[in-house]
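Here the structure is laid out as structure tokens; the discussion comes afterwards.
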Amino acid sequence: MPTSKVPTRDRIKAAALELFSTQSYGTTTLQDIADKLGLTKAALYYYFKTKDELLEEVSGPFLDGFELIVVREETRPRTSQTPETLLLAFVEHLLAKRELVMLLCFDRSVQGHPVKQRTHDLLDRVGDLLAGPAPDQERKIQASAAIGAVILPVLRLPEEAPSPQSAATTITNAALATLAQAHAPSL
């Protein structure tokens with residue numbers, strides 16, 4: 001039987017993400033992951049001692065990339081910061097890892113895990129950037145709404161959606177429209 005050219009560690013991470021996404025992080029066991037790959041639990045332990053360690057490894061590169069986007073925007077002079085730049089980079093990053101975004105944002109069993117807190121911290125920083133300097137409560141709410149206008153469409157994007165770039169532009173424009181509602185009449 002030919003062996004896979006994909007390193008075992010990467011195969012484990014891919015299987016874990018698939019199972020975390022379909023069964024939830026909380027209900028997936030290391031034994032489930034080992035079984036999916038035809039490994040013994042002992043072989044899996046060689047690579048990952050705990051499920052928490054595996055979640056950190058699966059989400060780490062995504063969160064590191066997310067943080068780079070945020071830091072890049074935070075370190076720009078205020079005069080060159082634009083919501084468009086931040087939102088487009090944010091949307092493109094989320095679109096590339098939709099399965100992981102769903103897990104980090106909506107899997108209740110991840111609650112209390114450090115990756116969940118890191119995700120919230122990064123989203124808060126995006127909100128702060130979108131709200132701008134010295135925002136009032138209304139502007140803070142608009143910034144939160146813009147984040148919501150990004151996350152839900154990213155996760156609900158249909159299979160027959162346009163190209164990723166076209167989808168990113170459409171979602172970004174919708175979030176920008178949410179931010180632009182600064183003085184819309186009340187309902």
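The values are calculated or read from the model by the stated rules, or taken from the named source; none is laboratory data. As the structure is a computational prediction, the values presented were derived from the model and not from experiment. Reconstructed Cβ throughout: ideal geometry from the backbone, glycine too, with neighbour counts over all protein chains shown. Note: accessible area is taken over every heavy atom of the protein model, side chains too, but ligands, DNA and RNA are not part of it. Shrake-Rupley method; radii C 1.70, N 1.55, O 1.52, S 1.80 Å.
Quick notes on this structure:
- The range 137-148, subset over 17 Å from Leu104 (Cα atoms) and touching a residue at least 24 places away in the same chain (Cβ under 8 Å), residue surrounded by the most Cβ atoms within 10 Å (Cβ to Cβ): Ala146
- Subset of the range 1-45 that is closer than 21 Å to His113 by Cα and polar (S, T, N, Q) - its residue that is surrounded by the most Cβ atoms within 10 Å (Cβ to Cβ): Thr28
- Residue within the range 138-151 that is among the charged types (D, E, K, R) and touching an Asp or Glu at 6+ places or on another chain (Cβ under 9 Å) present: yes
- Residues that are in a helix (DSSP H, G or I), open to solvent by 60 Å² or more (accessible area, probe 1.4 Å) and under 17 Å from Val154 (Cβ atoms), drawn from the range 85-119: Glu92, Ala96, Arg98, Glu99, Met102, Phe106
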